[in-house]
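For reference, the structure discussed in these notes is given below.
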Amino acid sequence: MLTERQKLILGAIVYQYTQTAHAVGSKKLQEQLNIKVSPATIRNEMAVLEEADLIRKLHTSAGRVPSVAGYRYYLDNLMISRSVSQNDIERLLTSLSGNFHEIDDFLDETAKRLSELTNCTALILKPPYVDLKISSFQLIPLEGRQLIAVLVTNYGKVTSQTFKLPQGLHADSLTNMVAYINAQMVGRPVKEVLTMMNSGELPIQLTREIQSPAAFLQLFGEVLAQSIEEHVHVGGRLNVLELTENRFDDLTKARRLLELLDSPQALRHLARSSGAGISIKVGSEIGEDLLDAYSVLSRHFSIGQQDQGIIILVGPVRMPYAQNALILNIFGQALTQKMLDYV
């Protein structure tokens, strides 16, 4: 059990180190703390904190820096978090008030802005769509024999893919197939239609009604599959290679880390949390060797009644936690409000 003075000293060391990146000595603490004790007394208290493994000494300095356990104690017991106001949310939404027709474009810009404000790598995952439905399907002619297939869903998501007409097949001959899909499949869940494609049920229906070329069926199936793929929206991707105290000399490890941050499944695992609000994991608490030199802050948000999406910050263990937690909280609440525009 720490005394009030020891808590004050630990909190001051965490604050000073996260602000300056320099080890904190007793004289500096005496200047900063509003307590009338000598540097010798402060050193004695620091020795107690060091014995408790809450701070540690750097070889190059007489000062002390927080240990991972010290950061954890600070986060659990000492950090003071300001609550988010509606003005905070409205200011952020105003700064993100571009003309974003697609939710993915908005989330890309949001991740970029979050990264800029925190100097961390920001990652956003939409909630998994459980009721994503087809709104329309079109084929748009391009130059030569090129077409672009465009699938629009009920959440405004647009998925497209280019397609080269095989020899002997004309764009006009696909009109009836597109019309059939729009007549029979609009309003149906994408996953249901994709299951019909994979099982052969829909190809059989199309072939029965219209002579459907295999290349067209393959194209439609690919566009359907792409529309439900999870995508990680990333801001400040390369920050993660610069923020660690141990710069990456191993390019293989750096590549593995970037691949990890592009994996929706891995990120959902990293951001798992048993409670609401912001989860903060430090170093080995994250449970991923590639992130032992980092901290991960995560928060959930929702789109209407959909399952939870996730917003994540990956940064150095030495970060301004209270400030970044507040910013993440503002972004999380703002996303929950803004997502209603896309429902």
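In segment 224-239, how many are modelled with pLDDT under 90, within 21 Å of Leu313 (Cβ to Cβ) and assigned to a helix (DSSP H, G or I)? The number of residues fulfilling the criteria is 0. No other residue among Val193, Val186 is surrounded by fewer than 17 Cβ atoms within 10 Å (Cβ to Cβ), in contact (Cβ under 8 Å) with a residue 24 or more places away in the chain and within 17 Å of Val152 (Cβ to Cβ) apart from Val186.
Among the residues of segment 192-211, are any touching a Lys or Arg at 6+ places or on another chain (Cβ under 8 Å) and modelled with pLDDT under 85? Checked against the condition, which is being touching a Lys or Arg at 6+ places or on another chain (Cβ under 8 Å) and modelled with pLDDT under 85, segment 192-211 yields no hits at all. Of all residues in segment 22-45, exactly one satisfies the criterion of being modelled with pLDDT of 90 or more and basic (Lys, Arg), namely Arg43. The single residue among Gly144, Gly63 that is surrounded by 14 or more Cβ atoms within 10 Å (Cβ to Cβ), farther than 30 Å from Lys191 by Cα and more than 22 Å from the chain's Cα centre (by Cα) turns out to be Gly63.
If you go through segment 305-339 and keep only what is in a helix (DSSP H, G or I) and polar (S, T, N, Q), you end up with Gln323, Asn324, Asn329, Gln333, Thr336, Gln337.
Under the condition of being at pLDDT 90 or above and within 19 Å of the chain's Cα centre (by Cα), the residues counted in segment 83-101 number 2. The condition of being hydroxyl-bearing (Ser, Thr, Tyr), within 22 Å of the chain's Cα centre (by Cα) and modelled with pLDDT of 90 or more holds for Ser263.
The values are calculated or read from the model by the stated rules, or taken from the named source; none is laboratory data. Here the structure is a predicted model, which means the values were calculated and not measured. Cβ: placed from backbone, ideal geometry, glycine included. Neighbour counts: every protein chain shown.
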